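Peer 1: I have a structure here, written as structure tokens, and I will follow up with some questions on it.
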Amino acid sequence: MFRGSSGTPLTIQAGADRALSGMQATNQRANQVSDSVYGDGTINNWFNASAFALAPLGAYGTSVRNGYDGPGFRTVDLSLVRQFGLSSSNKIEARVEAFNAFNWFIPGNPGINLSSATTFGRITSFSTAASPRVMQFALRYLF
């Protein structure tokens, strides 16, 4: 079975109280100054940092709330089952299962705080919801 999903919707945060409103800095957005918001799609350059700028003091940012996509994921689960007849009433069933069979890397979300120059647009973690490749084997005797 193949499962795939698009990325989580993200909001680019200013990281500072640019509106001078006393609101938390995580609730204020940056300005989008270019239509080319995505970088080259690598873990070090998910977002194009030059496409965003801090809002002027006393103003709110213009970037869209939840308007940017984080990295998606894909995984493949496989199962193979075979029954072997020993007699008319006795059988052996062999089963092999693999979850996340190809062990694809599932990245976490990139940094969205524009004030943090070292982590903005970079993916610095992997998804904790992702499981590693798991394989299991079983034999069952039916009588």
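Peer 1: Name the single residue, out of those in the stretch 111-132 being surrounded by fewer than 13 Cβ atoms within 10 Å (Cβ to Cβ) and farther than 25 Å from R18 by Cα, that is modelled with the lowest pLDDT.
Peer 2: T128
Peer 1: Also, quick follow-up: Give the residue, chosen from A30, A98, that is modelled with pLDDT of 90 or more and either in contact with a Lys or Arg (Cβ under 8 Å, 6 or more places away or on another chain) or not hydrophobic (A, V, I, L, M, F, W, C) (or both). Even if it seems obvious, please write down each step before you answer.
Peer 2: Details: A30 fails: either in contact with a Lys or Arg (Cβ under 8 Å, 6 or more places away or on another chain) or not hydrophobic (A, V, I, L, M, F, W, C) (or both).
Only one candidate qualifies: A98.
Peer 1: Quickly run through the stretch 97-110 and pick out the residues that are open to solvent by 20 Å² or more (accessible area, probe 1.4 Å) and assigned to a strand (DSSP E or B).
Peer 2: Correct list: E97, F99, P107.
Peer 1: If you don't mind, another one. Of all residues in the stretch 71-95, which are in contact with a Lys or Arg (Cβ under 6 Å, 6 or more places away or on another chain) and charged (D, E, K, R)?
Peer 2: Step one: filter the stretch 71-95 for residues in contact with a Lys or Arg (Cβ under 6 Å, 6 or more places away or on another chain), giving 75, 81, 83, 85, 93-94.
Result: E93, single match.
The values are calculated or read from the model by the stated rules, or taken from the named source; none is laboratory data. Keep in mind the model is a prediction, meaning the values are calculated, not measured. Neighbour counts run over all protein chains shown; Cβ positions are idealised from the backbone, glycine included. Remember, those area values only see protein heavy atoms, side chains included, never the ligands or the DNA or RNA. Shrake-Rupley method; radii C 1.70, N 1.55, O 1.52, S 1.80 Å.
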